[in-house]
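Since the structure comes first, as structure tokens, the remarks are kept for the end.
The values are calculated or read from the model by the stated rules, or taken from the named source; none is laboratory data. For clarity, every value in this text was computed on a predicted model and none was experimentally measured. Don't worry about glycine lacking a Cβ; one is built from the backbone with ideal geometry, like all the others, and counts go over all protein chains shown. These area figures cover heavy atoms from the full protein model, side chains too; ligands, DNA and RNA do not enter into them. Shrake-Rupley method; radii C 1.70, N 1.55, O 1.52, S 1.80 Å.
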Amino acid sequence: MALLSTPGCGAGGSESTLLVFAAASLSDAFEELGEAFETAHPGMDVDFSFGSSAGLAQQVLDGAPADVFASADVSHVVEIVDAGTGQEVVPFARNRLVLAVPRGNPGRVSSLADVTDEALLVGVCAPHVPCGRAARSLFASVGVAASVDTEEIDARSLLSKLAAGELDVGLAYRTDVQAAGGTVDVIDVTAGDGEITYAATVVIHPRPAATADRFVAFIGGTAGQSILRRHGFLTP
Amino acid sequence: MLLVPLAVAGVGFLLLPFAGLLQRTPWSSLPSLVTEPVVVDALRLSVVTATLATVTSLVLGVPLAWVLARMTFPGRALLRALVTLPMVLPPVVGGTALLFALGRRGLVGGPLERATGILLPFSTAGVVVATTFVAMPFLVITLEAALRGADRRYEDAAATLGARRLTVFRRVTLPLVAPSLLAGTVLCWARALGEFGATITFAGNLQGRTQTMPLAVFLALESDREAAIALSLVLIALSLVVLVALRDRWSPFP
């Protein structure tokens, strides 16, 4: 890995390496997707940098050497395309918020309305994180005045506190709960608007890497979509 | 003379980030940014919790420093190493360990909640606990070193003149190590003020209850960069005021 980034020659540093910035909630699915892409395109390497969509979007706008940017919030991708740093907005999946509780549901949570209970420790994501924004709009759409005890910086730290039993209930993505593999129980949320749409774009600064759009196309193709489906994501 | 150019380079390196910050400051919107509820809440929480953490550190840390410096017992070296541990531990690891000990499912936290209903995580008290954990060692180590180096003859003289141990401690020992005590207290307060990892892991993040300045800055960086800069400036200004006010009096070296 180079200590300083070298411009030209594809932002990833070489023609055969792609650097993909992606939302944290995509990490498991995209790692698998990356391996499938490398198998389908021998000689190609895909490196990932996972993080919060907002933070990564800011880095891309500041000139970080990413070749592809995949966000949990379409508006970030639109912002990057409008700034001339991205090629086009490509929605590729949706995710849905569910109620996550520690295994065994010690807080006896039964529905979304329980988040108003002050006696329960309720966790959501921070408001600028897509997962947190989705939680807020879900509460607003259902008319629930949630008594939130913590706004975690990302969905993963929220889930780890739920798994440890330190929180009674949290609003997390279905995909993250699935990835937590049984350490957390799920209560589905059927009412309200608790969905987010993921989008990707090829990053162009000064010029896009030759194979970047092949990766974006792979995400939208049959192989990519079936991997996403298997991890719990919904069709775009 | 190589010393001066190197020193200049050192100063330049340390001051450069501040120059970068000042250059990006939105001076015209600064007054309105600084009076927003998010900033006021974070500042109030930071000052209150850092001060409470420092008071707790003094109450527990001064006796601890005295025991480590003046008493001999088996395992003293190990104890000193354990007391220093929070200083070298990554703060998030410290916060996670605190959760295992004082969380609802924790070693002590579980029984504590069942017996008294007191819940430390996700509360302002939790912030004080987390910051005390990371900051107290700074006070203990600074003070212990001074106590070990202090001239015992004054204490011995006081004792032979009839003073009781607590009187000797109050009237002779503490004044002798006053500069180091002040230095250790300032370091402790500053460390508590800047704490992020242990706070966010153990106490969580909620405006008005647990969102201290460092947490507010971190979150603002991703959503509202101008607010982040304003918050950072407030934090730096606060620290500068305290350090300048104490001037030479807090240096542990005479």
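Numbers at a glance
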| read-out | value |
| --- | --- |
| Cut-off under 5 Å, modelled amide H: who pairs with A:Ala209 long-range | A:Ala11 |
| Rounded accessible area per residue of chain A, 1.4 Å, Å² | 40 Å² |
| Carbon + sulfur, % of accessible area of the protein assembly as shown - ligands and nucleic acids excluded, 1.4 Å | 64 percent |
| Chain pair B, A: total accessible area buried, heavy atoms, 1.4 Å probe, Å² | 1800 Å² |
| Phi-based couplings in Hz for the range B:34-51 (Karplus 6.51, -1.76, 1.60; Gly and Pro marked x) | 6, 9, 5, x, 4, 6, 4, 4, 5, 5, 4, 4, 4, 5, 5, 5, 5, 5 |
| Listing of the range B:205-236 residues, each with accessible area lower by at least 40 Å² in the full protein assembly than in the chain alone (probe 1.4 Å) | B:Asn205, B:Leu206, B:Leu219, B:Glu222, B:Arg225 |
| Percentage, to the nearest whole number, of Cα pairs in the range A:14-89 over 15 Å apart | 53 percent |
| Karplus 3J(HN,Hα) series, Hz, for the range B:93-106 with 6.51 cos²θ - 1.76 cosθ + 1.60 (x for Gly, Pro) | 5, x, x, 5, 4, 4, 5, 5, 8, 10, x, 4, 9, x |
| Nearest 10 degrees, 0 to 90: helix A:130-142 Cα axis against chain A principal axis | 40 degrees |
| Whole-number D in µm²/s for the range A:181-221 (Stokes-Einstein; Kirkwood sum over Cα pairs; 25 °C, 0.890 mPa s) | 175 µm²/s |
| FRET efficiency for A:Ser111 and A:Asp62, using Cβ-Cβ distance with R0 set to 45 Å, rounded to 0.05 | 0.60 |
| Mean projection area, nm², convex hull over Cα of the range A:107-226 | 9.2 nm² |
| Acute angle (nearest 10 degrees) that the helix A:27-40 long axis makes with the longest principal axis of chain A, alpha-carbon atoms | 30 degrees |
| Where B:Met1, B:Met136 fall by accessible area, highest first, once all protein chains stay in place (1.4 Å) | B:Met1, B:Met136 |
| Rounded to 5, the percent of DSSP beta bridges in chain A classed as antiparallel | 60 percent |
| Average Cα contact separation per residue, the range A:81-236, under 8 Å, 6 or more apart, as relative contact order % | 39 percent |
| Tilt relative to chain B, helix B:225-246 - C-alpha long axis, 0 to 90 degrees, to 10 | 30 degrees |
| B:Leu120, B:Leu89, ranked by accessible area, largest first (probe 1.4 Å) | B:Leu89, B:Leu120 |
| Globularity ratio of the range B:102-217, using Cα Rg and 2.2 N^0.38 Å | 1.45 |
| Nearest-10 value in Å² for the accessible area of A:Ile227, using the 1.4 Å probe | 10 Å² |
| Positions from the range B:71-119 whose accessible area shrinks by 30 Å² or more when the full protein complex is built, not the chain alone, probe 1.4 Å | B:Leu99, B:Arg104, B:Arg105 |
| Translational D in µm²/s for the protein assembly as shown (Stokes-Einstein at 20 °C, 1.002 mPa s, Kirkwood Rh from C-alpha pairs) | 84 µm²/s |
| Mean shadow area of chain B over all directions, Cα convex hull, nm² | 18.3 nm² |
| Ellipsoid equivalent to the range B:168-254 - semi-axes via the Cα gyration tensor, in Å | 33, 16, 8 |
| For the range A:42-122, Kirkwood radius (reciprocal of mean inverse C-alpha pair distance, Å) | 16.1 Å |
| Directionally averaged shadow of the range A:94-133, computed from the convex hull of its alpha-carbon atoms, nm² | 3.5 nm² |
| B:Glu195, A:Glu38, reordered so the largest accessible area comes first (probe 1.4 Å) | A:Glu38, B:Glu195 |
| Cα pair distances of the range B:75-163 binned at 5 Å [whole percent] | 3, 12, 16, 16, 14, 12, 9, 6, 7, 6, 1 |
| Helical contribution to [θ] at 222 nm, DSSP H n ≥ 4, -39,500 (n - 2.57), averaged over chain B, rounded to 500 | -24000 deg cm²/dmol |
| Tensor-based shape of the range B:15-139 (alpha-carbon gyration tensor, a/c under 1.5 rounded, otherwise prolate or oblate) | oblate |
| Once the Cα gyration tensor of the range B:160-211 is diagonalised, semi-axes √(5λ) in Å | 39, 12, 8 |
| For the range A:34-173: Kirkwood Rh in Å [reciprocal of mean 1/r, alpha carbons] | 16.9 Å |
| Interface residues in the range A:144-158 - accessible area drops by 40 Å² or more relative to the isolated chain, probe 1.4 Å | A:Asp149, A:Glu151, A:Ile153 |
